[in-house]
Amino acid sequence: MVQQVAVDVGYGFTKAVSDGGGRCCFPSVVAPVRGAGDLASLAGGRALAHRIDVQRAGAEAEAHLVGEAALAAGGVRSWHQDAASRPDYALLTLTAVALLGGEGRIDLAVGLPVGIWAQRGSRRALRERLVGLSAWVSADGEVACYVEVGACQVLPQALGAYVAALSADGALARGRYGVVDVGFRTTDLVLLTPNADGVPVPDDARSGSVDAGIGLAYEAVRQQVERESGLLWDEGIVLAALRGDVVLRVRGAARALRVPFGKGARSLAERVEAAVRRLWADQLEFLDGLLLAGGGGEALLPALGLPGMRPVEGGIYANAEGFLRQMAVSGRMA
């Protein structure tokens, strides 16, 4: 039975892993089920489309579309600086737990952008909101299971990527590394040094968040596609065009549309590089290396001009995998 779940609720996507070896990932979008028509994307076989039914004590039953299903129904991403007030956070977390087969008491680890995590009140508020969260939950029509969150750790997102990298290369424990974690909306910069007990500790004075992520590059693609085609394209088509696995058809005819991802990526890379040099100006030449993580890290790597940078294996799941490992190490970061 799944007893521990690590959930990385990003602005773009929610990624989660369990101690049972499960993984799930879906766009961080929730929308209410209004009628049978809203479920068309589920019937159409969208891989990242889900329905979640939730029954909490003393409350009416809720039915929500999550991920691509919510996008298809007109749902939009939400954001709030302290995360605890973000209206969809609990639902995204419950969806991840249900998809991973969680049942009964679940110990949880979640992450926040380092700029928000550094505010002790913000991470305390999120932990207090999640501890004791309980409901009967059903994902995609499966039999409902009762779930209750027991312990909860709230960790800086880039810490997870570092711990994941450390598990693959123990030599990292002997050095001082900077982590550049490129998310959909934000990019985290964290300087990490293991303490005497081997627990990685962020240098608060040299860590922070840049309010810019790979979503800016995607938006540049969307705008260019719309200018060339004269039509609106949803996020799914734009992401597929970036992968090069679809042919865009305009008014019945196939068209080769220029995808200016390189230009958008370079603009984002310049902002990230400037933030790195500003934040780590007196340390950059003395670090043992730079680790590139996050769902947008691999896509941004060719555009970055920072020396000694290497990607963290595991890609989009690296933070969640690291959170899960950190749960077994220490609660000191919570």
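The values are calculated or read from the model by the stated rules, or taken from the named source; none is laboratory data. Here the structure is a predicted model, which means the values were calculated and not measured. Here the Cβ is made from the backbone with ideal geometry for all residues, glycine too, and neighbour counts use every protein chain on show. Ligands, DNA and RNA are excluded from the accessible area calculation, which covers all protein heavy atoms including side chains. Shrake-Rupley method; radii C 1.70, N 1.55, O 1.52, S 1.80 Å.
Tabulated results
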read-out	value
Subset of segment 48-97 that is within 14 Å of residue 13 (Cβ to Cβ) and among the acidic types (Asp, Glu) - its residue that is least open to solvent (accessible area, probe 1.4 Å)	88
Some residue of segment 182-190 being open to solvent by less than 50 Å² (accessible area, probe 1.4 Å), out of contact with any strand residue (DSSP E or B) (no Cβ under 8 Å at 6 or more places or on another chain) and part of a helix (DSSP H, G or I)	no
Residue that is least open to solvent (accessible area, probe 1.4 Å) [pool: residues in segment 21-42 that are modelled with pLDDT of 90 or more and more than 21 Å from residue 78 (Cα to Cα)]	22
Among (1) modelled with pLDDT of 85 or more; (2) of a type in the set (A, V, I, L, M); (3) more than 20 Å from residue 309 (Cα to Cα), the one test that residue 196 misses	(1)
Unique residue being acidic (Asp, Glu), at pLDDT 90 or above and over 16 Å from the mean Cα position of the chain (by Cα) when the list is 107, 169	107
Residue tally, condition within 14 Å of residue 163 (Cα to Cα) and part of a helix (DSSP H, G or I), over segment 295-315	1
Filter result for residue 121 (farther than 20 Å from residue 209 by Cα, among the small types (Gly, Ala, Ser), surrounded by fewer than 23 Cβ atoms within 10 Å (Cβ to Cβ) and modelled with pLDDT of 85 or more)	no
Residues (open to solvent by less than 60 Å² (accessible area, probe 1.4 Å), modelled with pLDDT of 85 or more and among the hydrophobic types (A, V, I, L, M, F, W, C)) located in segment 240-283	268, 269, 272, 274, 275, 276, 279, 280
Pairs with Cβ under 8 Å, 6+ apart, first in segment 211-226 and touching a residue at least 24 places away in the same chain (Cβ under 8 Å) and open to solvent by 10 Å² or more (accessible area, probe 1.4 Å), second in a helix (DSSP H, G or I) and of a type in the set (Ser, Thr, Tyr)	216/267; 220/267
Any hit, segment 193-206, residues being open to solvent by less than 10 Å² (accessible area, probe 1.4 Å) and more than 18 Å from the chain's Cα centre (by Cα)	yes
Residue list for segment 131-162, restricted to those being outside any strand (DSSP E or B) and either crowded, with 22+ Cβ neighbours inside 10 Å or among the small types (Gly, Ala, Ser) (or both)	132, 141, 144, 157, 158, 159, 160, 161, 162
Index of the failed condition, residue 126 passing every other in (1) touching an Asp or Glu at 6+ places or on another chain (Cβ under 8 Å); (2) surrounded by fewer than 22 Cβ atoms within 10 Å (Cβ to Cβ); (3) modelled with pLDDT of 90 or more; (4) in a helix (DSSP H, G or I)	(2)
Selection count, segment 119-177, where residues are within 26 Å of residue 65 (Cβ to Cβ) and aromatic (Phe, Trp, Tyr)	2
